[in-house]
1. Once you place label points 7 Å from the Cα toward the Cβ at residue 18 and residue 4, how far apart are they in nm?
2. As an exercise, use a Förster radius of 35 Å and the Cβ-Cβ distance of residue 73 and residue 35 to find the FRET efficiency, rounded to the nearest 0.05.
3. If you work out log10 I(q)/I(0) by the Debye sum over Cα atoms at q = 0.14, 0.17, 0.18 Å⁻¹ from the coordinates, which of (i) -0.76, -0.97, -1.02; (ii) -0.71, -0.83, -0.87; (iii) -0.60, -0.77, -0.82 do you get?
4. Mean Kyte-Doolittle of at least -1.0 and a Cα length of 30 Å or more along the axis: which whole DSSP H helices of the chain meet both?
5. Remind me, relative contact order of the range 2-100 in percent, using alpha carbon pairs under 8 angstrom and six or more residues apart?
6. What does the net charge come to around residue 27 if you take all other residues with beta carbon closer than 13 Å to its beta carbon, with K and R at +1 and D and E at -1?
7. Work out the length of the dipole vector of the chain about its Cα centre, built from +1 on the beta-carbon of each Lys and Arg and -1 on the beta-carbon of each Asp and Glu, and round it to the nearest 20 debye.
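Bear in mind that the values in this text are calculations on the coordinates, not laboratory data. Source: prediction; values computed, not measured. Because the Cβ atoms are built from the backbone with ideal geometry, glycine has one as well, and the counts that use them run over all protein chains shown.
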Amino acid sequence: MCTCSVFLASGITFGVFAVNHVEPDKIKEINEHFDFFIQQIPSLQIDNVQAVQLSIWRNIITIFVIYIFGLTIIGIPVVLALLFVRGFALGFTLIENIKYY
């Protein structure tokens, strides 16, 4: 459990530092895409129940895959890599949005 937390925290840390190394024109492009997405939200017809069900289903599948991989020696690095990548995405997204807004 501690090793998993270390990989997740490392991913978040690397994601935070990666934001500072992205070229300004790329950050501008990311922000334009994000603004376009935010502007589209009011016009979208979203079924809240279906969105929650889909989110729960995908997370259950991810948990199942992590559990199965965690049972094997070969799968343990895959689980750790997945935790690192999810942490990286979380850290990058949070800091990018904080800096932009």
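1. Going by the 7 Å Cα→Cβ label model, 2.2 nm.
2. With R0 = 35 Å, the Cβ-Cβ based efficiency is 0.15.
3. Only one option fits the structure, namely (i).
4. On the way: long enough: 48-70 (33 Å, 1.23); 76-100 (36 Å, 1.49).
The answer, listed by residue number, is 48-70, 76-100.
5. Values: 63 pairs, mean separation 67.3, N = 99.
Reported relative contact order: 68 percent.
6. Computed value for this residue: -3.
7. The dipole of the chain has a size of about 340 debye.
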